[in-house]
Amino acid sequence: MSDTVVHAEPYGSLLFCPAVPCFIIAWQSFANSEQFRFLMNKGLELYTAEAARTQPLGWLADTRDVQAVKPADQE
């Protein structure tokens, strides 16, 4: 069974992998702090809803395609 994209933005996607089971947040490029928070909060919303049905449930981050982050954005 393959991963299902449950939400996508130009800078990252949230996928659900029922075989594990887990959510995967896959970053495709740089995300500014607002975009980062948005996608993380969206993932938390989806994770919380699924965790009511599925235990245990994991959350993985695929950061292979993350671009350099400026110090101001790190803070």
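Every read-out reported here was derived from the displayed coordinates using simple, explicitly stated rules and does not represent laboratory data. Being a predicted model, the structure only gives us computed values, none of them experimental. Counting neighbours? That spans all protein chains shown, and the Cβs are built from the backbone with ideal geometry, glycine included.
Please arrange 65, 3 by how many other C-beta atoms lie within 10 Å of their C-beta, fewest to most.
Sorted ascending by nearby Cβ count, the order is 65, 3.
Which residue fluctuates the most in the chain, going by a Gaussian network model with Cα springs under 10 Å, if the choices are 52, 26, 61?
Evaluated over the chain, the most mobile residue of the options is 52.
Where does each of 23, 36, 16 land when they are ranked from fewest to most other beta-carbon atoms within 10 angstrom?
Least to most surrounded, the residues fall as 36, 16, 23.
Contact order normalised by length for the chain, with contacts defined as Cα pairs under 8 Å and 6 or more residues apart; what percent is it?
It comes to 31 percent, rounded to a whole number.
Run the helix sum for the chain: -39,500 (n - 2.57) per DSSP H stretch of 4+ residues, divided by residue count, reported at 222 nm to the nearest 500 deg cm²/dmol.
Rounded to the nearest 500, the figure is -9500 deg cm²/dmol.
In degrees from 0 to 90, rounded to the nearest 10, what is the angle of the helix 33-51 Cα long axis to the longest principal axis of the chain?
Result, in degrees: 10.
Take every DSSP beta bridge with both residues inside the range 4-70 and express the antiparallel ones as a percent of the total, to the nearest 5.
If we restrict to bridges inside the range 4-70, about 70 percent are antiparallel.
Give me 70, 42 ranked fewest to most by other Cβ atoms within 10 Å of their Cβ, as a rough exposure proxy.
Sorted ascending by nearby Cβ count, the order is 70, 42.
Give me the one-decimal nm value for the distance between modelled label points at residue 53 and residue 65, 7 Å along each residue's Cα-to-Cβ direction.
Each label point lies 7 Å from its Cα, and together they span 2.7 nm.
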